[in-house]
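Asks: To start, I am sharing the structure in question, which I have written as structure tokens.
The values are calculated or read from the model by the stated rules, or taken from the named source; none is laboratory data. This is a predicted model, so every value here is computed, not measured. Positions of Cβ are generated from backbone atoms using ideal geometry, with glycine treated the same way; all protein chains shown enter the neighbour counts. Keep in mind that these areas ignore ligands, DNA and RNA; they rest on the heavy atoms of the full protein, side chains included. Shrake-Rupley method; radii C 1.70, N 1.55, O 1.52, S 1.80 Å.
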Amino acid sequence: MGFWQFLSTRHQQLLVDAYQHASAVFQCMVIATVIGVLIAVLTYRTEWAGNLAVTTTAAILTVPSLALIGLLIPILGLGVPPTVTALVLYGLLPIVRNAIVGLRGVDASLVEAARGIGMSRTARLLRVELPLAWPPILTGIRVSTQMLMGIAAIAAYASGPGLGNEIFTGIASLGSANALNEVLAGTLGIIVLALAFDAGYVLIGRLTIPRGIRG
Amino acid sequence: MAEAAKAEAGVTAEAGAGPQDERGRSEGRGPGTPGGPASGATIVLENLTKRYPGNPRPAVESVSMEIKAGETVILVGPSGCGKSTTLKMINRLIEPSSGRIRIGDEDVTAIDPVKLRRKVGYAIQSSGLFPHMTVAENIALVPKMVGWGRTRVRDRVEEMLDLVGLDPREFHGRYPRQLSGGQQQRVGVARALAADPPVLLMDEPFGAVDPITRDHLQDELIRLQRDLHKTIVFVTHDFDEAIKLGDRIAVLRERSHIAQFDTPEAILTNPADEFVSGFVGAGAALKRLNLTRVRDVEIADFAAVTVDEPLQSIVELLRAGQHNELLLLDHRRRPYKWLRRGDLLRARGSLARSGTLVTHTVTRDATLRDALEAVLTDSGGRVAVTGRRGEFIGVVDMETLMNSVHEMLEADRLTALEHRHELDQVRTGREQDASPVAGDPGGDGEPPS
């Protein structure tokens, strides 16, 4: 069976997998962004706390994804919980690091100006520091998403959702008629999704980065 | 100035009710316009000290000073003398280690600093505008924070842009990076003044702009202050700037010790000690020129015609013999060209090709030093004076300048003499006070100082 023929007979299943893959990555990214920015906001003011946050998240990233999911299965069982946990953990590093760098990079004289005109701590954070740090944070989110797209494929190992299922089925039945097609479809699907997300981020950047600080 | 008028009404009509009245009461009267609306407040610093942990010597040691309502006081001193620290203690960006700050009738040493800062305008070097907000959003920040209504904020933004000489329609939606350094600084001042604070703190606000723009901004600030009568505390390391802007100047030495706190004239003619005279620097007579403005000297009339006038009548006017020279004005009555008698002939009657372009003009707020500079560079030895919109008012020439400088220096000499005389009297008076004097209730039992 040719690749195109394979696609046309299996397209329903492939679309479901692609949708689940995208949705898993998207949801994990939302969670990772909220947690990552929160960690950054809590730690960027103190030297050691910020460094600790970056080092910890970096350490998580060095754990092989297959191993991490494998370790999570006995604790969280199969399916969605270990997938989400692993993806969120992996997604943290670029976001935390960029958010800390971004927040620390905000011109100190601007922060003082904000204090000087009577903005409270929260107002300073929400109206001055985070908006100014937003471009690097968004870049972190983008990098994170690209990474999670690939890692999410491993989730199939824990019976998670997504295009990884195609790849794993293919690898498990190497030599059979559709094995190569399955691996190919899964991989290409992930690439297409990654590109689509990236385009989405460009659009989000256009919409959310104020014209005054757009590079 | 609807704002100030409102505050005024608040005092008379509904005394004792509402925050509007609160602010009204703290307002003083500007020295320039007796009875007119004014919004300055007195600032009193008592033994203000700042110590940093790990440093045995305080950064600022026991500064006491009283700044009158509506007054512009300049803190000037070498870098590292603590002038900026002193300023930042007034709005408690730096918390004083000890001492008191009073603004108006209120002791602000212990109130919520965020609330304090909303009542104190703050403008800093390189404007401190938020780059992700438009000009209008930047200006609207403080009014919004203190809870003004939407339309009031919008009107205020327009008013403030107009006040600092920027066209609201053009600049409203721009981002700071789309402005020149001078324009950013204007917006910075507009933002600081937006919520109509009685006090304005300025920390080397014009330090980062080029000299020409700085000059304009200084003139602008003088003009603003003439209308607004805020209490301004201004930090600079540039003594010329201090002379130009200050009603009084505090010359600070290390740890913010006040070496002299007096009017610019007094400091120039009568520096308190070596340190001050060293800081004043050479050329006190030239610096004196910075203290007088073009509006204070005689502005002479000068024959002027606009370009709209028929060529024939211009030729007639030149030929009539009364005037050797004419000033040609453009359509909006701004100085355009100096036209000598022979110029038109040589250019074969073409206005476009004859005469010399006017390169320098001064406003009435310009200092005599600016005027002298312009006169010296002009080939004819005079400079055209223009009004707010650049329209021609008259000319100032070398002779006028020379005469006024002579008069000025003579007057200074006299005041300095008088001053010394007074000091002597006070001194002898104190010596007399040392022996008990009858009928002086305040002096009873007080040890002589």
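Asks: Distance in nm between label sites at B:GLU391 and B:LYS144, each 7 Å beyond Cα in the beta-carbon direction?
Replies: 3.8
Asks: Can you give me the C-alpha center-to-center distance between the stretch B:119-145 and the stretch A:1-45, rounded to a whole angstrom?
Replies: The stretch B:119-145 and the stretch A:1-45 have Cα centres separated by 41 Å.
Asks: Mind ordering B:376-385, A:112-121 by average Cβ neighbours within 10 Å, highest first?
Replies: So the order, starting with the most tightly packed, is A:112-121, B:376-385.
Asks: While we're on this one: Give the B-A buried accessible area in Å², both sides summed, 1.4 Å probe, nearest 100.
Replies: 2000
Asks: Percent of accessible area on the stretch B:296-401 owned by carbon and sulfur, 1.4 Å probe?
Replies: 47
Asks: What is the calculated FRET efficiency for B:SER79 to B:GLN312, with r their C-beta to C-beta distance and R₀ = 51 Å, to the nearest 0.05?
Replies: 0.25
Asks: Return a whole-number percent for the relative contact order of the stretch B:83-185, with Cα pairs under 8 Å and 6 or more residues apart as the contact set.
Replies: Once normalised by length, the contact order is 25 percent.
Asks: If you don't mind, there's one more thing I want to ask. Quick one: work out Rg over Rh on the C-alpha atoms of the stretch A:3-213, Rh as Kirkwood radius.
Replies: 1.08
Asks: For B:ASP273 and B:ASP247, what is the calculated FRET efficiency with R₀ set at 30 Å and r taken between the beta-carbons, to the nearest 0.05?
Replies: FRET efficiency, B:ASP273 to B:ASP247: 0.85.
Asks: Still on this structure, I have one more. How large is the helix-only mean residue ellipticity at 222 nm for the protein assembly as shown, computed as the sum of -39500 (n - 2.57) over DSSP H runs with n ≥ 4, divided by its residue count, in deg cm²/dmol to the nearest 500?
Replies: After summing the helix terms and dividing by the residues of the protein assembly as shown, the value is -17000 deg cm²/dmol.
Asks: Okay, next question. Counting only other residues whose beta carbon sits under 14 Å from that of B:ALA59, what net charge do I get with K and R as +1, D and E as -1?
Replies: Result for the local shell: +4.
Asks: Something else about it: Output the antiparallel fraction of DSSP beta bridges having both residues in the stretch B:296-401, as a percent to the nearest 5.
Replies: Given both bridge residues lie in the stretch B:296-401, the antiparallel proportion sits at roughly 70 percent.
Asks: While we're on this one: What percent antiparallel are the DSSP beta bridges of the protein assembly as shown, to the nearest 5?
Replies: That works out to approximately 55 percent antiparallel.
Asks: How shielded is B:377-383 by partner chains, expressed as the average number of their Cβ atoms within 10 Å of its Cβ atoms?
Replies: Counting Cβ atoms of other protein chains within 10 Å of each residue's Cβ and averaging gives 0.
Asks: Taking only the alpha-carbon positions of the stretch B:232-306 and ignoring solvent, what does the Debye formula give for the base-10 log of I(q)/I(0) at q = 0.12 Å⁻¹?
Replies: The Cα Debye sum returns log10 ratios of -0.39.
Asks: My understanding is that a pair violates if its Cα-Cα distance is over 19 Å; which of B:LYS88/B:LYS287; B:LYS88/B:LYS115; B:LYS83/B:LYS144; B:LYS230/B:LYS287; B:LYS119/B:LYS230; B:LYS244/B:LYS287 do that in this structure?
Replies: Over 19 Å apart, Cα to Cα: B:LYS88/B:LYS287; B:LYS83/B:LYS144; B:LYS230/B:LYS287.
Asks: Note down the net charge around B:PRO264, summing +1 for each Lys or Arg and -1 for each Asp or Glu among other residues with Cβ under 15 Å from its Cβ.
Replies: Here the count lands on -3.
Asks: Right, here's the next one. Leaving out ligands and nucleic acids, and using a 1.4 Å probe, what accessible area per residue does the stretch B:296-401 come to in Å²?
Replies: Counting only protein heavy atoms, the per-residue value for the stretch B:296-401 is 56 Å².
Asks: What is the mean number of Cβ atoms from other protein chains located within 10 Å of the Cβ atom of each residue in peptide A:102-114, rounded to a whole number?
Replies: Other-chain Cβ atoms within 10 Å of each residue's Cβ, averaged: 3.
Asks: Tell me, how many Å apart are the Cα centres for the stretch A:99-129 and for the stretch B:252-272?
Replies: 37
Asks: Taking the mean number of other Cβ atoms within 10 Å as a proxy for protection, how do you rank B:129-139, B:252-262, A:100-110, B:405-415 from highest to lowest?
Replies: B:129-139, B:252-262, A:100-110, B:405-415
Asks: Further question on the same structure: Take the solvent-accessible surface of the protein heavy atoms, probe 1.4 Å, and return the percent of it on the stretch A:10-160 that carbon and sulfur atoms account for.
Replies: Solvent-exposed carbon and sulfur of the stretch A:10-160 make up 70 percent of the total.
Asks: Follow-up. Pop the C-beta distance of B:GLU66 and A:THR62 into the FRET formula with R0 = 45 Å and round what comes out to the nearest 0.05.
Replies: 0.10
Asks: While we're on this one: Between A:ALA196 and A:THR208, what length comes free when the chain is fully extended (0.36 nm per residue of separation minus the Cα-Cα distance, one decimal in nm)?
Replies: Using 0.36 nm per residue and subtracting the Cα-Cα distance, I get 2.5 nm.
Asks: Over the stretch B:296-401, with a single point scatterer placed on each C-alpha, what log10 of the ratio I(q)/I(0) does the Debye formula yield at q = 0.19, 0.20 1/Å?
Replies: One equal scatterer on each Cα of the stretch B:296-401 leads to -0.92, -1.01.
Asks: With a point put 7 Å past each Cα toward its Cβ, work out how far A:THR187 is from A:LEU42 in nm, to one decimal.
Replies: 4.1
Asks: Then there is this: Which residues, if any, in the stretch B:102-135 lose at least 50 square angstrom of accessible heavy-atom surface (probe 1.4 Å) when the other protein chains sit next to their chain rather than the chain being alone?
Replies: The answer is B:ARG117, B:TYR122, B:PHE130, B:PRO131, B:HIS132 - residues whose exposure falls by at least 50 Å² when every protein chain is included.
Asks: Next question, about the same structure. As I understand it, the dipole of the protein assembly as shown uses +1 on the Cβ of Lys and Arg and -1 on the Cβ of Asp and Glu, about the Cα centre. Which of A:ILE209, B:GLN260, B:HIS216 lies farthest toward its positive end?
Replies: Value computed over the given set: A:ILE209.
Asks: With θ taken as phi - 60° and the coefficients 6.51, -1.76 and 1.60, list the Karplus ³J(HN,Hα) couplings across the stretch B:360-366 in order, rounded to whole Hz; mark glycine and proline as x.
Replies: Karplus values, whole Hz, x for Gly and Pro: 10, 9, 10, 8, 5, 8, 5.
Asks: Same structure, new question: Anything losing 50 Å² or more of accessible area from the isolated chain to the full protein assembly: pick those residues out of the stretch A:187-215, probe 1.4 Å, ligands and DNA/RNA ignored.
Replies: Residues meeting the cut-off: A:ARG211, A:GLY212.
Asks: Another question, if that's okay. Can you give the accessible area per residue of the stretch A:56-134, in Å², using a 1.4 Å probe?
Replies: Per-residue accessible area for the stretch A:56-134 comes out at 41 Å².
Asks: Ranked highest first by average number of other Cβ atoms within 10 Å, how do B:272-279, A:60-67 line up?
Replies: The densest-packed peptide leads the list: B:272-279, A:60-67.
Asks: For the protein assembly as shown, what does the convex hull of the Cα positions come to per residue, in cubic angstrom?
Replies: Per-residue hull volume (Cα only) is 269 Å³.
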